[in-house]
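Report on the following structure.
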Amino acid sequence: MLHALVGIKQVPDTTNIRIDPETGSLIRQGVPTIINPYDAHAVAAAVEWKRKLGGKITVITMGPPAAVSALQECIEMGADKGILVSDRKFSGADTLATSYVLAEAIKKIHEEDPIDLIFFGKQAIDGDTAQVGPGVAVRLGYPLITYAVNIREVNLEEGYALIERKTELRNEIIKTTLPAAMTCEKEIAEIPYAALPDLIASLRYKPQVWTADEPVAYDIAQIGLKGSPTMVFKTGTPVQHEPGELIKAAGTSLDKAVDLVLNKIMEHASGAPLIGGKK
Amino acid sequence: MSKQTKIPQEELPEVYIDDILMSIKYFTDEQEFHLAIKDTDTCVRCVDKPCINFCPVGAYRLQEGGTVQIAVQSCIECGTCRVLCPPNNVSWKYPRGGFGVAYKFG
Amino acid sequence: MSRRFWVFIEQEEGKIHPVAGELLGVARRLAGEIADELKQKNETAVVEGILVGHEVDDLAQEAIRLGAERVYQVDAPEFKYYLNRPYTEALKTLVKKYKPEVFLIGATTMGRDLAGAVATSLKTGLTADCTQLEMGEARGTNKKLLLATRPAFGGNVIATIVCKDHLPQMATVRPRVFDASPVNKKARGEVIKEKIKVTPDMLNAQVVEFITNQASAIKLEYADVIVSGGRGLGSPKGFELIKALADELGGVVGSSRACVDAGWISYDHQVGQTGKTVRPKLYIAAGISGAIQHKVGMQDSDFILAINRDPSAPIFSVATVGLVGDLYEIIPALIKKIHASKNKGGQA
Amino acid sequence: MSSKKIQFDVIVVGAGLAGSTAAAVAARNGLNTAVIERGQQPGGKNFFGGAVYTHALQEIYPDLWDRNPPLERPVTETGFWFMSKDGMVKATVQGGKLNNDPIDAYVALRARFDSWWADQAKSEGAFIIPKTLVEEFIYQDGKVVGVKTDRPQGDVYAPVVIICEGVNNLLTQKLGLIDHDIRPAATALGVKQLISLPAETINARLGLPSNEHGLAISVMGDVSMGMAGLGFLYTAEKAISLGVGVTLEALRKSGVKPYELLQRYLNHPAVAPLIEGGQLMEYGAHLIPEGGWKEMPRLYTDGVMVAGDAATMVNALHWEGTNMAIIAGQQAGLTAVEAHRQGDFSSKTLSAYQAGLKERFVMKDLYQYRNLSRFLDSHPEFMDIYPTFLNDALGMFFSGFGKPKKRLYKDILRTLTSRRPLLKVVGDLVSFGRTIIGI
């Protein structure tokens, strides 16, 4: 029987973020929070393997109380249990402090019910750091497989898994002992369309809430702002470039405009050889 | 009945609808399309092809050979095409639960 | 005493990843930024490369030519292929031994896999995917720190991050964000070989098979010419036209996120915050509106030609030249003229 | 997996304003109530101008103001703008009778408002099932006993179903409550842009003393380019909502792209300065069932009631719809409660729903305005000639200096009579009067 653990994060939907032109700050109104898309695929992959091998899936997240809805969504997809690690004392955590909190919680879960495989999304779309998954793996001393695109085999009897991951040059198959941790690309599995009873169960589901004191007594020096070596020094909006020249290219002006543009490219440093001009 | 007839195009500003659609949030269903042209030849025979114009997100696009293609992922489920397609050639249903347009403000 | 600015020399199959050269250039600049301050304390700053692999002596010399003043080389069969735990162990051990001030790693697949693990084992801070790096004073400290600036929230915000009380200050940097410093063929430097003990448990995960990946053959980051299409193409078929122009220019095809989301083209073509950062000599954006997440990925290209029907499209704000009109008229005209001009150029 | 039957006392299809109201009322009275909503969240598929009306909100929740409704601005100025190609005559009212406590109408944004409204139903005990599409009914002995959804194992049972599915009333049609699809002549397409601006900018440009003041404007004339339709402008707190609605019939004939029609309105010299520098927050479009009384489906049958847009409960002239939906939802909810009390879900019992609505403004107004949509369709001059005349006339009146005034009046009159004979004008006005009085 497989015991898979999935670490997820609730994030603002960055595809729809807007900036207040006056203050330069994020306009939060109208920005829905969603389960980090990569994490959703990680959950889907865990569910696929639970269906194949039998067993169960525990999902964990660190976040504000509202993150309950992200855990419910995992239950909807087929996870069995959700744990929300939530406490004001955790706020201000960077990736190092977050990986500490999650790793300690996972140790606790593992004590009671040994874990075979840990799934994360490859990165969260709000921070894009891709550090928490690797950080947790290191803290637990588990082999780490990042950018996983396909799980070929999970062999619980012999205690190994074959996982395909993506690298710059090619894909590679990793054979790893279990337990192991992986971070997942979207290709890893398609999000299932839940049956109605599962959806209804998820809407009624209340995840466990763990605090900074119970059931894991956290070292206060390693959590929240205190446990975070990095801090945000300042924020701003990206620098706007000077706009270039606009040329109308329609009807009779089309030919001229195209000539003009090609000339400009030729004149520009290193542009000429690209379009057949002299070096 | 309305005496209204065709309005000359030059009285209207040109609008780049794709940019405007960037303001809309969608949960795109990659596994199932909720709209389809029932019969491609019917579109070829349809002279006016008003769908190219009346769709408020410009999802109906004229293709070479006079066929019409639907950019289903930009559909906002208003129902205009279902009601207005002259040969009633659009197979129209709502996207699966949770998919499709998700207005942030409404 | 010298302050060490470290760069991870990423290599695979006997080749140094270009990002290493870019990072050595940055490290030299950063070292220069605190040189005066150090002089008063009788200290110096030194740029050093960390090279891990098997039979990579040549690469150590190359790293020196690329700007490293000294290279620490870990060379053993266990390091022939990249594996997270042995590599993490190597970097961790070296950091503990030499205590560098700053450690830069490329934000590549390998670098990102490695950096998070190393930072966590060292319990220090790591800022990922930086786009600007400088040495500067942060509030409440009287020494210069690494100010690491990176985009967040899909490129809508930039945040500058410091790591005040922990060393090394670690950052990953995307390829093509910085210029590589010029290769100095005469450069000489010291290579120090280091031994790292690899225990069997570090080899619990092993590569058992390689699969050549078609998609990763598209090298957007290092292409000289990129022709990208956006939603304005109207349909996936539009990429045929984009491809034709790219072929004419000897370039590669890029895409905005919208087209990737719509399934018109694969993710490997995506330029932007959630795709690739590119800096070609010529970037042509056709039918791309220019959402911020796209612009941050291409705005540093040498020459940007934007083609869009809407004169108010935000893409024009980063374009060197903008053509307002129908891309289906403009691109065929471009192809024709470039073709003609190339033939002429060939005769000359 | 065990297939336990999913059973409720009442199923509401759609968590819009009608649906969440029906569910709130049913749940409050002890019924085990499910609301099945196809969007990610309630409100996610909804889109309007627009305003909600405090009388209706307070009727459902007398403690409305303690519940912190997400309202944008109260409507403290309202009326008509008459638009010509390059001019605008504004006839609005502020203060006076509008100064009720609370203010009668508030601008709202549906995604937020409907989501909150559904939360109120939840607090009454209703169970909201989002992300699920109702596709079919389950019949037993010819009677509806539940619905089939698009999810695996997706059957849900209840002896009574309240359909609040919105303007595309496919389920209502499936039940045979109406024998045809919505008609192009009786349905409008509304397109809208929500444009964000700092609150102070909105106040300054529209002459509003503070954020506690807002506008709700109907725009007549050139905005619809002669098509049967209207434009609108509403002020949210930090955004202006601008849109145009025209009938589908007119839209098809015109060959106009709706977003170009809207852009033309936004480019109008009296409108463009209002939104200059603003950012597009959201574009969208939605159908409006303007057919009213004449296009209304049967409102009930055995085990089923229909409310809101699905039952064409919109007053096209007053832009009323949300309040009708809420009151209809309330009546349907109450009727479901009564049916459970009697243990009888036949159409005989459910007829109380329609009877209840007849006592309210909902049916009275819809009846009174029953000819409106046809009137507007057959009198394009109200979209075209008259607003332009108004602009010309007032423009001439206030600029005709150095001209004998008698000649000025003649000239003014001629701008009208050259376009429409005086007798016809009189006839138009009389028939407009008859249409809105409802005789």
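Sequence-distant or interchain residues sharing an amide H contact under 5 Å with D:Ile138, placed H: which?
D:Val145, D:Gly146, D:Val147, D:Lys148
What is the distance in Å between the Cα centroid of the stretch B:1-49 and that of the stretch C:252-270?
Measuring centre to centre over Cα atoms gives 23 Å.
Calculate the mean, over all residues of peptide C:298-308, of how many other protein chain Cβ atoms lie within 10 angstrom of the residue's Cβ.
So the per-residue partner count for this stretch is 3.
How large is Rg/Rh for the stretch C:215-347, to two decimals, with Cα atoms and a Kirkwood Rh?
Answer for the stretch C:215-347: 0.94.
How large is log10 I(q)/I(0) at q = 0.08, 0.09, 0.18, 0.19 Å⁻¹ when the Debye formula is applied to the Cα atoms of the stretch C:2-203, each weighted equally and without solvent?
-0.24, -0.31, -1.28, -1.43
Output the antiparallel fraction of DSSP beta bridges having both residues in the stretch C:71-208, as a percent to the nearest 5.
Looking only at bridges with both residues in the stretch C:71-208, the antiparallel portion is about 50 percent.
What number in nm² do you get for chain D if you take the convex hull of its Cα atoms and divide its surface by four?
23.4
So what's the stretch C:75-188 giving for Cα Rg divided by 2.2 N^0.38 Å, two decimals?
Compared with the compact-globule rule of thumb, the stretch C:75-188 sits at 1.16.
Per residue of the protein assembly as shown, what 222 nm ellipticity follows from adding -39500 (n - 2.57) for every DSSP H run with n ≥ 4, rounded to the nearest 500?
Values: 34 runs with 360 residues, N = 1172.
Rounded to the nearest 500, it is -9000 deg cm²/dmol.
Using a 1.4 Å probe on the protein chains only, how many percent of the accessible area of the stretch A:2-222 belongs to carbon and sulfur? Please report the intermediate quantities before stating the final value.
On the way: 3900 of 7760 Å².
Here it works out to 50 percent.
Would you please classify the overall shape of chain A from the alpha carbon gyration tensor, given that a ≥ b ≥ c denote the square roots of the eigenvalues, rounded means a/c under 1.5, and beyond that prolate means a/b larger than b/c while oblate covers the rest?
prolate
Å³ per residue of the Cα convex hull, for the stretch D:373-437?
Dividing the Cα hull volume of the stretch D:373-437 by its residue count gives 86 Å³.
By the scheme Lys and Arg +1, Asp and Glu -1, what is the net charge of all other residues having a beta-carbon under 12 Å from that of A:Ile163?
Values: positive: A:Arg152, A:Arg165, A:Lys166, A:Lys175; negative: A:Glu153, A:Glu164, A:Glu172, A:Glu185, C:Glu209.
Charge balance near A:Ile163 sits at -1.
Show me, bin by bin at 20 Å from 0, the whole-percent P(r) of chain C based on Cα pairs.
Bin by bin from 0 Å, the calculated values are 28, 50, 21, 1.
Go through the stretch D:153-161 residue by residue and turn each phi into a ³J(HN,Hα) via Karplus (6.51, -1.76, 1.60, θ = phi - 60°); whole Hz please, and just put x for glycine and proline.
These are the phi-based 3J(HN,Hα) values: 6, x, 7, 10, 10, 6, x, 9, 10 Hz.
Using a ≥ b ≥ c from the Cα gyration tensor of the stretch A:69-118 (square roots of the eigenvalues), is it rounded, prolate or oblate, where a/c under 1.5 gives rounded and otherwise the larger of a/b and b/c decides, a/b for prolate?
oblate
How big is the C-alpha Rg of the stretch D:1-48 next to the rule-of-thumb value 2.2 N^0.38 Å, as a ratio?
So the Cα radius of gyration is 1.30 times the expected 2.2 N^0.38 Å.
Inside 10 Å of the C-beta atoms of D:40-46, what's the mean count of C-beta atoms belonging to other chains? Show your work: numbers first, answer last.
Details: counts 11, 5, 0, 5, 10, 9, 2.
Across the residues of D:40-46, the mean count of other-chain Cβ atoms within 10 Å is 6.
Defining a contact as two alpha carbons under 8 Å apart and six or more residues distant in sequence, what relative contact order in percent does the stretch C:85-173 show?
This gives 35 percent for the stretch C:85-173.
Just add up the charged neighbours of C:Met110: K/R +1, D/E -1, any other residue whose Cβ is under 10 Å from the Cβ of C:Met110.
Once positives and negatives cancel, what remains is -3.
Would you work out what percent of the accessible area of the stretch C:279-348, with all protein chains in place, is carbon or sulfur (probe 1.4 Å)?
Carbon and sulfur atoms account for 53 percent of the accessible area of the stretch C:279-348.
What ranking, highest mean first, results for peptides D:37-44, D:79-86, C:17-24 when packing means the other Cβ atoms within 10 Å averaged over each residue?
The most tightly packed comes first, giving D:37-44, C:17-24, D:79-86.
Students often check this: by mean Cβ neighbours within 10 Å, which of A:66-72, A:40-46 ranks highest, and how do the rest follow?
Per-residue Cβ counts within 10 Å, averaged per peptide and sorted highest first, yield A:40-46, A:66-72.
Could you please state, rounded to a whole Å, how far the C-alpha centre of the stretch D:173-230 is from the C-alpha centre of the stretch D:90-116?
14
Return the long-range amide H neighbours of A:Thr183 (sequence gap of 5 or more, or a different chain), with a cut-off of under 5 Å between placed amide H atoms.
Distant-sequence amide H within range of A:Thr183: A:Phe120, A:Ile145, A:Thr146, A:Tyr147, A:Ala148.
Of all beta bridges DSSP finds with both residues in the stretch D:1-147, what is the antiparallel percent, to the nearest 5? Write down the numbers at each step before the final one.
Values: 15 of 22 bridges.
Restricted to the stretch D:1-147, the bridges split so that about 70 percent are antiparallel.
Give me the net charge for the shell around D:Lys410: Cβ to Cβ below 15 angstrom, other residues only, Lys and Arg +1, Asp and Glu -1.
So the surrounding residues net to +3.
What's the average, rounded to a whole number, of partner chain beta-carbon atoms within 10 Å of each residue's beta-carbon in B:20-32?
Mean shielding by partner chains, rounded to a whole number: 6.
How big is the gap, in Å, between the Cα center of the stretch A:163-216 and the Cα center of the stretch D:236-288?
Their Cα centres are 44 Å away from one another.
Using the alpha-carbon atoms, what tilt in degrees (0 to 90, nearest 10) does helix D:405-417 show relative to the longest principal axis of chain D?
40
For the stretch D:283-294, in order, what is each residue's ³J(HN,Hα) by Karplus, 6.51 cos²θ - 1.76 cosθ + 1.60 with θ = phi - 60°, in whole Hz (x at glycine and Pro)?
After applying 6.51 cos²θ - 1.76 cosθ + 1.60, I find 10, x, 8, 7, 7, 10, x, 8, x, x, 3, 6 Hz.
Return the Rg/Rh ratio of the protein assembly as shown with Cα-based radii and a Kirkwood Rh.
Rounded to two decimals, Rg over Rh is 1.00.
Using only protein heavy atoms and a 1.4 angstrom probe, determine the accessible area buried between A and C, summed over both sides, in Å² to the nearest 100.
Accessible area lost upon association: around 7400 Å².
Return the Rg/Rh value of the stretch D:184-288, two decimal places, where both radii are evaluated on C-alpha atoms and Rh is the Kirkwood radius.
Here Rg/Rh amounts to 0.99.
If you take every DSSP beta bridge whose two residues both sit in chain C, what share of them, in percent to the nearest 5, is antiparallel?
Once the DSSP bridges in chain C are tallied, antiparallel ones form about 20 percent.
First check a/c for the stretch A:176-231, with a ≥ b ≥ c the square roots of the eigenvalues of its C-alpha gyration tensor; if it is under 1.5, answer rounded, and if not, answer prolate when a/b is larger than b/c or oblate otherwise. Spell out each step's value before the answer.
Numbers: a/c = 2.43, a/b = 1.46, b/c = 1.66.
Taking the square roots of the gyration eigenvalues as a ≥ b ≥ c, the stretch A:176-231 is oblate.
Whole-Hz ³J(HN,Hα) for each residue in the stretch C:322-331, computed from phi via Karplus 6.51 cos²θ - 1.76 cosθ + 1.60 with θ = phi - 60°, x for glycine and proline: what do you get?
Each residue of the stretch C:322-331 in turn: x, 10, 9, x, 7, 4, 6, 9, 5, 5 Hz.
Sorted by mean Cβ packing within 10 Å, highest first, what order do the peptides D:266-272, C:292-298, A:108-114 take?
Taking the mean over residues of other Cβ atoms within 10 Å, the ranking is C:292-298, D:266-272, A:108-114.
Using alpha-carbon pairs under 8 Å, 6+ residues apart, how would you state the relative contact order of chain D in percent?
Contact order relative to length: 20 percent.
Who wins for biggest fluctuation among C:Ala319, C:Ala187, C:Ala333 in a Gaussian network model of chain C, springs between alpha carbons below 10 Å?
C:Ala333
The values are calculated or read from the model by the stated rules, or taken from the named source; none is laboratory data. Please read these numbers as outputs of a predicted model, since none were measured by experiment. FYI the Cβ positions are ideal-geometry reconstructions off the backbone, even for glycines, and counts take in every protein chain you see. Note: areas computed on protein heavy atoms with side chains; ligands, DNA, RNA excluded. Shrake-Rupley method; radii C 1.70, N 1.55, O 1.52, S 1.80 Å.
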